[in-house]
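To start, the structure under review is shown below, and the notes come after it.
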There are 2 protein chains.
Amino acid sequence: MHVLVLGAAGMVGRKLVERLAGAPGLLGREIARLTLADAFEPTLPRVFESAGKTLTIDLAAPGSAEMLIAERPDLIIHLAAIVSGEAEADFDKGYAVNLDGSRALFEAIRREGLREAYCPRLLFASSIAVFGAPFPERIGGEFFTTPLTSYGTQKAITELLLADYTRRGIFDGVGIRLPTICIRPGMPNKAASGFFSNILREPLSGKEAVLPVSETVRHWFASPRSAVGFFLHAATMDTSLIGPRRNLTMPGLSALVGEEIEALRRVAGDKAVALIRREADPVIERIVAGWPTNFDASRAEQLGFSAEKTFDEIIRIHIEDELGGSIQ
Amino acid sequence: MHVLVLGAAGMVGRKLVERLAGAPGLLGREIARLTLADAFEPTLPRVFESAGKTLTIDLAAPGSAEMLIAERPDLIIHLAAIVSGEAEADFDKGYAVNLDGSRALFEAIRREGLREAYCPRLLFASSIAVFGAPFPERIGGEFFTTPLTSYGTQKAITELLLADYTRRGIFDGVGIRLPTICIRPGMPNKAASGFFSNILREPLSGKEAVLPVSETVRHWFASPRSAVGFFLHAATMDTSLIGPRRNLTMPGLSALVGEEIEALRRVAGDKAVALIRREADPVIERIVAGWPTNFDASRAEQLGFSAEKTFDEIIRIHIEDELGGSIQ
C-alpha cells in the first residue's frame, strides 16, 4: 500500500506519521511506500527510511498535484492548508492553497483515472469553521454551512467537491470535520483559540498562562490523539456505509472553560490552576462568542468515530503523549 | 445606472429584459446603459436601442469576465449556466462555466475594485438543486446543501463564494434559489422536469401531453413572472436586512401533480384535461422521487419576496403572458 500524506509537517500530520511508524500494521495492510509532502520539510521516521520519501512542495504550484498523483498512491490524507488567520489576511493565498490546491489534487486524480483505472481513498481535513453563527445550542447533523471566514468558505467548497468527485467514482472521499484540537503541543501561539490549550499545557509544565475569556465560555474539543484516530478509522472503514453525504462532523467534547480548569485541578492540583492568570481580552471574547459550542455527531459515532468524554481524559493524553507520562 | 445581464438569452433572462423594457423605471433609477451577454446572441428590446448592447461571449473564456466588468456595471444579474443534464454529462464544461465562469466574474469585480473603489450589486440565479435527498417533508431554512448532481454542486459552491465576497465588501451579492419554473414557455423538452409544464402548456394550446409520473408526486413551483419578480426585488431591496447569509430559498408553491390537473380543469375544462396522456416512465419516476417537495421560505418572504399561492394563478399568468390573455 502506498500512502501519501499532504501537510505532513503540520501538527496532526506529524502525529499521524509517528503513529504509523509505531504500529505499521495500523492501516490493515503493510505500508510499502510512504510519501510525506508539505510546504515545510517533513520528517520521515527511521522505520520508513527505505520505503518513504519526503517532498517539500507548494500544492498550489502548477504540476505539484500531478507529480504526487503520478505515483498512484492508494491512500491520500490531505491535511495541507493555509490556516484561518492567514487565509483571512491573504485572500489570494488562502484561495490558492485551500481551494485551488485541493481542486488541483482532485483533478490530478481524475486525469490519472482517465488514463488508467484509479480510485484511491482520499481523506480531507475539514473544520467546524464551515459553520457560521448564529447557531442553535447544539448543531444538528443537517445544519447548513454558512461560514464567516474565507478559510471556512474554502473548506466548505472543498467538502462539496469531495462529495461530487466521490459520487462520480473519481475517488473514495471522506471529509473529516475536526473539532478544536486540545491540548495543542508546542509553544503558545497567537491564534484566537490558543488559550483553550495554553491554560492547560503551560500550567502542566509549571508555567503561567493567560485566560482572556470567562469560565462560562463553551466550546467543542478533541485531543490530538483523537484527531489522528479519526483519520486512521476513515482510512480503514467500510465507506459504503457512509452514503453520498461524505463530510462528517467528528465527535468531540462540549465543555466550559471552567470544566477545563476543574479537570486541571483534579489532575495537577491547585498549584497548577494558580498559574492561570485572568486577563479579559474583549477582542478575543467577541471572536469566541461567534464560535460553535456543541454538535450532534451521532452520524460519525454510528460510523465508528470516537473522541474523549471528559477533559480529565484530554489532559491525561497530553501527559502521556507529550510529557513522558508524568508531571513535575 | 448600468445594468449587465449575463445569460440574457435564456428563458428568465429574456423575460427579465422584456419586463425592464416595458417599465424602465422598475429598478428605481433610469437604466442609462444595458448590456446583455450570453453564449447565444441575446435580443435587445427596441426601447434600449441607443442605451444598450449585446455581447455573444463564453463566460469561461479567458478575458470575458474582465471585459464585462471593465465597464463597471452597477447591477449584475448573473443567470448564465450550463443546465443540469449537460453539466452532468460533460464534467469539464459544467465546472468550467458554472464554477470557473462565476468565479472569474467575481474575481474580475475584485480586481476592478482594487484598481478603483467599486462594489456593484450582484444577483446570482441559484437552484433548489443545491439540496440532495433524503429530505424532510418540508425543507427548513437552515437545511444543509448536499447536492446529488455536479450542477447542484457548482451552484452550492458559487453560493459560498458569493457569501464570502459579499462579506469582504467586494460586491453586494444575493443568491436567488429558484423553484422549478412552471409553466415554462416554448416547446416540450427532454428535461426530466419538463412534464410539470408540458401537461399544462400543451393542453392549453389544444395539444396532447404525456404525464410520466403519478398524480401524487409533489414538487415546488413558481411562475416565470415570479422568477423575474425575485430578481427585480433583489435589485432594489435594502440588502443590509439580509445579513451574512446571502443565499435565499425563494418562495414557491408546493403542489401535487393532481392539483396541477385540477387547476387546469377549473381554468380550461375537462376537454383540456383529456389531452393529458398517462404513460408511466420508471426512469423519470425514480429521478423525480429524489427531488424536494416543499420548503420553508419564510426568510425570503419576510424580506419581501413572493410567489403564487395556487396553480390557478400560475396557469392564468401563462395565459396572460404567453397566450395573449385567452385560450381557444
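The values are calculated or read from the model by the stated rules, or taken from the named source; none is laboratory data. Source: prediction; values computed, not measured. In this analysis, Cβ positions are derived from the backbone assuming ideal geometry, glycine residues included, and neighbour counts consider all displayed protein chains.
Considering only region A:103-122, state which residues are over 12 Å from A:I69 (Cα atoms) and either within 12 Å of chain B (Cβ to nearest Cβ) or touching a Cys at 6+ places or on another chain (Cβ under 7 Å) (or both). Result: A:R103, A:L114.
Filter region B:286-307 down to the residues that are in a helix (DSSP H, G or I), surrounded by fewer than 17 Cβ atoms within 10 Å (Cβ to Cβ) and of a type in the set (G, A, S) and list them by number. Scanning region B:286-307 gives B:A289, B:S298.
Can you work out which of the residues in region B:167-191 that are within 14 Å of chain A (Cβ to nearest Cβ) and of a type in the set (G, A, S) is surrounded by the fewest Cβ atoms within 10 Å (Cβ to Cβ)? Among those that are within 14 Å of chain A (Cβ to nearest Cβ) and of a type in the set (G, A, S), it is B:G169. Note on region B:228-253: residues that are of a type in the set (G, A, S) and either part of a loop (DSSP other than H, G, I, E, B) or assigned by TED's automatic domain parsing to the domain that holds B:E202 (or both) amount to 2.
Could you go through region B:259-279 and let me know if any residue there is outside any helix (DSSP H, G or I) and within 14 Å of another protein chain (Cβ to nearest Cβ). Can you show your working first?
First, pick out the residues of region B:259-279 that are outside any helix (DSSP H, G or I): B:274-279.
In the following step, the residues that additionally are within 14 Å of another protein chain (Cβ to nearest Cβ) were identified as none.
No, region B:259-279 has no match at all.
From the list B:A125, B:A87, the one residue that fits, being within 14 Å of chain A (Cβ to nearest Cβ), crowded, with 22+ Cβ neighbours inside 10 Å and either within 17 Å of the chain's Cα centre (by Cα) or at pLDDT below 95 (or both), is B:A87.
Can you say whether A:R218 is more than 14 Å from chain B (Cβ to nearest Cβ) and surrounded by fewer than 22 Cβ atoms within 10 Å (Cβ to Cβ), as far as the supplied structure shows? Answer is yes for this residue. Return yes when B:G194 is among the small types (G, A, S), within 14 Å of another protein chain (Cβ to nearest Cβ) and either in contact with a Cys (Cβ under 9 Å, 6 or more places away or on another chain) or surrounded by 18 or more Cβ atoms within 10 Å (Cβ to Cβ) (or both) and no when it is not. Taking the combined requirement at face value, the residue does not satisfy it. Does B:K93 fit the bill of being under 21 Å from the mean Cα position of the chain (by Cα), surrounded by fewer than 15 Cβ atoms within 10 Å (Cβ to Cβ) and under 27 Å from B:A163 (Cα atoms)? Yes; evaluated as a whole, the condition is true for this residue. Checked against the criterion of being in a loop (DSSP other than H, G, I, E, B), in contact with a strand residue (DSSP E or B) (Cβ under 8 Å, 6 or more places away or on another chain), surrounded by fewer than 24 Cβ atoms within 10 Å (Cβ to Cβ) and in the same structural domain as B:E262 (by TED's automatic domain parsing), region B:129-151 contains not a single residue that satisfies it.
A:G243 satisfies every condition listed in (1) within 14 Å of chain B (Cβ to nearest Cβ); (2) of a type in the set (G, A, S); (3) crowded, with 17+ Cβ neighbours inside 10 Å except (3).
Pull up region B:41-60, narrow it to residues that are among the small types (G, A, S) and surrounded by 14 or more Cβ atoms within 10 Å (Cβ to Cβ), then point me to the one that is farthest from B:S126 (Cα to Cα).
The extreme case among them is B:A51.
Residues that are among the small types (G, A, S) and at the interface with another protein chain (Cβ under 10 Å from one of its Cβ atoms) were ranked within region A:128-142; the one that is nearest to A:N294 (Cα to Cα) is A:G140. The one condition from (1) touching a helix residue (DSSP H, G or I) at 6+ places or on another chain (Cβ under 9 Å); (2) part of a helix (DSSP H, G or I) that B:N198 does not meet is (1).
Out of everything in region A:143-166 that is more than 7 Å from every other protein chain (Cβ to nearest Cβ) and of a type in the set (D, E, K, R), what residue ends up being nearest to the chain's Cα centre (by Cα)? Among those that are more than 7 Å from every other protein chain (Cβ to nearest Cβ) and of a type in the set (D, E, K, R), it is A:K155.
Exactly one residue among A:A263, A:A234 is touching a residue at least 40 places away in the same chain (Cβ under 8 Å) and more than 17 Å from A:A297 (Cα to Cα), and that residue is A:A263. Here the strands (runs of 3 or more DSSP E) wholly within region B:41-128 that include at least 1 residues being within 21 Å of B:K15 (Cα to Cα) and without any contact (Cβ under 8 Å) to a residue 24 or more places away in the chain are B:52-56.
What do you reckon, is A:P203 part of a loop (DSSP other than H, G, I, E, B) and either away from chain B (no Cβ under 14 Å) or not charged (D, E, K, R) (or both)? The answer is no for A:P203.
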